[in-house]
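Here the structure is laid out as structure tokens; the discussion comes afterwards.
None of the figures in this text is laboratory data; all of them are computed from the coordinates on show. Note that the structure is a prediction, hence the values are computed from the model and not measured. Cβ coordinates were reconstructed from backbone atoms using ideal geometry, including for glycine residues, and neighbour counts include every protein chain displayed.
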Amino acid sequence: MSLMYSSTNRIKFTDISERYAVPKQYKAKLTEVHGSLILYVVNHFHNTRSYKQKVVNALNVLTYCIMFNETPPFNWKTDNPIDTIPPEFDLEAIQEALSDYWLGIESIEWDVSPTSDTAKSAPNRVESSRVTQPRPARASTTARTAALVQRGVMSFTPKEDLYIQAPKYPLFDFSKPWLSMQDLQGEKFVIYTTLPEIPTRQNEISATTDMSKMTDAELMNLFPNHMIQTRAAAMYEPCPGIEYDDDLGCIIPIEGFTADQVRENIIKYPHFYKLKRWNEDVLSSFYHDIEIDGELMSVSAVWDSLVESKVIPKQSDFIKEYVVRRYLLERDAGVQHRYEMYGTLDPFLTLFMPPEQYVARGFNDVLSISKQCVQSRISFKQSRNPVLKRLNIHG
Amino acid sequence: MVNCIFAGHCFEQSQCDSSCPVLAQTSYLLERNNIQLNSPVFHATPSELRRCISILDNSAGSIRTVVENMSTNALSDLLTYCAICQHWRGSQLHCTVYNLKYAQYLEAVQKSWSSNGDSEELDYVKIWISSAKVLIISNIDFVNFKDFQCQTLLSLLQSRMNPDLTTIVVSPQISTLVGDGPLFARLTDLLSKQKVV
């Protein structure tokens, strides 16, 4: 068994929710439950070994429950996620089951400070100096924590809220058909107004959303309350020769554009999902081909001749990233492509960090960014909606 | 008429051909469970949804009883809808989620005694009872539990004791169930023990 994280390869405690490398299918749920636990610990941290052990046990039990389809402990509560883990769990069996994914105290870099209350109350139980000096939590987490506590909200925004796909439990108002029409063959199609009419999450925005009904507060509510990694997982691993941003991940080089331009492009377009383009009357995957000087070429055929291929790993996630990023940078710089993307892809389709972090990166008008998000999503869905296409209506 | 619950969000295909797997699988399960598009399940409140999702999560792979003071029908429909949303993908038109209206089921079983064997419809119901990944049992508030009614439900629950299957009995307050006899005591005892809050 080789642990993914160990004393020589530690993971920051506040990064566990986002960066703990677990299989994709469990990531969203684990991000949510680990997020609740981290939020709680940041506010109640004791710098003692026994407290850390309890935290680590809770993390491992929750990971086990999610990964092995076990029901989380019945009394487990997000507002007290440590003490509501019942002691009867067999930690040895869980360690065996989790194998590489098991976390120990030493495999975590405890970048959390004891809260003032706990620091005063337990001066004699502070660990010896061999343990890494705790560092303050990341600014993004602590600021958000304060706001969350103020608002009485106790959990991080789950990643699913940012999905472009439909919500898992679609809701609509049967009494409000948004569109009801027959096609040329006389077949009738109906699209009902989706609910909630005022989206509370980004993934609730649909082709039927009417942004004019949303107040500024409702628009601002669409921002997540913490930074969420939305790019392919490979983008968040430092890569030799490629600039790396702690929050944005790899800033891949693209000839003709500066790193700052690429960085800005990543903030505007942090996520790609099922992009396509027309190629000789066939709708094909956008990532399969690349348009160079007005000619569409297979990426695999030309990859080695691209200057950037000397630095960018020849892996599908990086190739996809390069093809789309280059297209978007060119498009936004005014280049008219012969083979355009199918449907629209406008900026800020996905808001992936809290508003204050957009401001910190120079995007000061956060309200207009949230409006742009709603417009981009409506446009994204209308321009690709199969019913509208069938009825020959162009969103 | 083409009614798809994902219509407002869909961008899966270049053109709707009214027969994509998403539409086929969801429509099949909704139809099988008599959930029409005008059903209240499609405008459930976030708290109602959260409650049902939590019940389903806490019941996975086991047999549970949910006690509902208001409408057991509304709750069983919403539980069924949530379970469909969780299990439609890849169901390949198998009835992975089934809401068994127990009172009607008993009626159909009793009717079959006077005819030559089970009707095709009853045969299917029996198949879905045994194979559905998620079985919701509702309408027990309309049953007078004598030995037969108790025995049928107890043996049905026993047949569902499989960690791959989830069974949820939606019941009014258990003390309000109507019935008598030793099996009734055993049934109410079992339902009380499996209660999910």
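Going by how many other beta carbons lie within 10 Å of each one, how would you line up B:Ser76, B:Ser39, fewest first?
Lowest to highest Cβ neighbour count: B:Ser39, B:Ser76.
What lysines sit close enough to A:Lys310 to cross-link, taking a C-alpha to C-alpha distance under 25 Å and skipping anything fewer than 8 places away on the same chain?
Hits, sequence-local ones excluded: A:Lys320.
Based on a Kirkwood Rh over C-alpha pairs, give the Stokes-Einstein translational diffusion coefficient of chain A at 20 °C and viscosity 1.002 mPa s in µm²/s.
Stokes-Einstein gives a translational diffusion coefficient of 91 µm²/s.
How charged is the neighbourhood of B:Ser54? Take every other residue with its Cβ under 13 Å from the Cβ of B:Ser54, and add Lys/Arg as +1 and Asp/Glu as -1. Walk me through the numbers on the way to the answer.
On the way: positive: A:Lys77, B:Arg50, B:Arg51, B:Arg64; negative: B:Glu48, B:Asp57.
Charge balance near B:Ser54 sits at +2.
Say each of B:Asn144 and A:Ala360 gets a label point 7 Å from the Cα, pointing the same way as Cα to Cβ; how far apart are those two points in nm?
About 7.1 nm, to one decimal.
So for the pair B:Glu121, A:Thr84, with labels modelled 7 Å out along Cα→Cβ, what separation do we get in nm?
About 4.5 nm separates the two model spin labels.
At a 10 angstrom cut-off on C-beta neighbours, averaged per residue, how do the peptides B:114-121, A:383-390 rank from highest to lowest?
Working: B:114-121: 9.4, A:383-390: 22.0.
Averaged packing, sorted descending, gives the order A:383-390, B:114-121.
Cα axis of helix A:316-332 to longest principal axis of chain A: angle in degrees, 0 to 90, nearest 10?
Helix A:316-332 sits roughly 50 degrees off the main axis of chain A.
Using only helices, what value at 222 nm comes out for chain A when you add -39,500 (n - 2.57) per DSSP H run of length 4 or more and divide by the total residues, to the nearest 500 deg cm²/dmol? Can you show the working numbers first?
Values: 13 runs with 135 residues, N = 395.
Helices in chain A give a 222 nm mean residue ellipticity of -10000 deg cm²/dmol.
Give me the net charge for the shell around A:Ile198: Cβ to Cβ below 13 angstrom, other residues only, Lys and Arg +1, Asp and Glu -1.
-4
Round to the nearest 10 and give me the degree value, 0 to 90, for the angle of helix A:259-268's Cα axis relative to the longest principal axis of chain A.
So the inclination is approximately 90 degrees.
Under the definition of Cα pairs under 8 Å and six or more residues apart, what whole-number percent is the relative contact order of chain B? Could you put the intermediate results ahead of the total?
Values: 259 pairs, mean separation 56.5, N = 197.
Computed over chain B, the figure is 29 percent.
For chain B, give me every cysteine whose Cβ has no other Cys Cβ within less than 4.7 Å, ordered by residue number.
Unpaired cysteines in chain B: B:Cys4, B:Cys10, B:Cys16, B:Cys20, B:Cys85, B:Cys95, B:Cys150.
Between A:Asp317 and A:Leu283, what FRET efficiency comes out of the Förster formula 1/(1 + (r/R0)^6) with R0 = 25 Å and r the beta carbon distance, rounded to 0.05?
Between A:Leu283 and A:Asp317 the formula returns 0.70.
Does anyone have the angle between helix A:24-44 and the longest principal axis of chain A? Alpha-carbon axes, 0 to 90°, nearest 10?
It works out to around 50 degrees.
Neighbouring Cβ atoms within 10 Å as the yardstick, rank A:Thr31, B:Thr152 fewest first.
Placing the least packed residue first, the sequence is B:Thr152, A:Thr31.
Can you put A:Asp100, A:Asp183 in order, fewest other beta carbons within 10 Å first?
Taking fewest neighbouring Cβ atoms as first place, the list is A:Asp100, A:Asp183.
Using just the helices of chain B, give the 222 nm mean residue ellipticity in deg cm²/dmol: DSSP H runs with n ≥ 4 each add -39,500 (n - 2.57), and the total is spread over all residues, rounded to 500.
-14500 deg cm²/dmol
Applying 1/(1 + (r/R0)^6) with R0 = 45 Å to the Cβ-Cβ distance of B:Gln158 and B:Cys20, what FRET efficiency is obtained, to the nearest 0.05?
Details: r = 39 Å, r/R0 = 0.87.
Step by step, r from the Cβ atoms, then E = 0.70.
Using amide H atoms built 1.01 Å from N in the peptide plane, name the residues 5+ places from B:Val169, or on other chains, whose amide H lies under 5 Å from its own.
Those lying under 5 Å, H to H, from B:Val169 are B:Arg64, B:Thr65, B:Val66, B:Ile137.
Filter A:Lys188/A:Lys381; A:Lys77/B:Lys133; A:Lys176/A:Lys381; A:Lys24/A:Lys77; A:Lys27/A:Lys213 down to the pairs with a C-alpha to C-alpha distance above 23 Å, please.
Check vs 23 Å cut-off fails for A:Lys77/B:Lys133; A:Lys24/A:Lys77; A:Lys27/A:Lys213.
Could you list which residues have their amide H under 5 Å from that of A:Trp178, counting only those 5 or more apart in sequence or on another chain, with H placed in the peptide plane?
Distant-sequence amide H within range of A:Trp178: A:Ile191, A:Tyr192, A:Thr193.
Normalised by the empirical 2.2 N^0.38 Å for globular proteins, what value does the Cα Rg of region B:20-193 take?
Relative to the rule-of-thumb radius for its length, region B:20-193 sits at 1.02.
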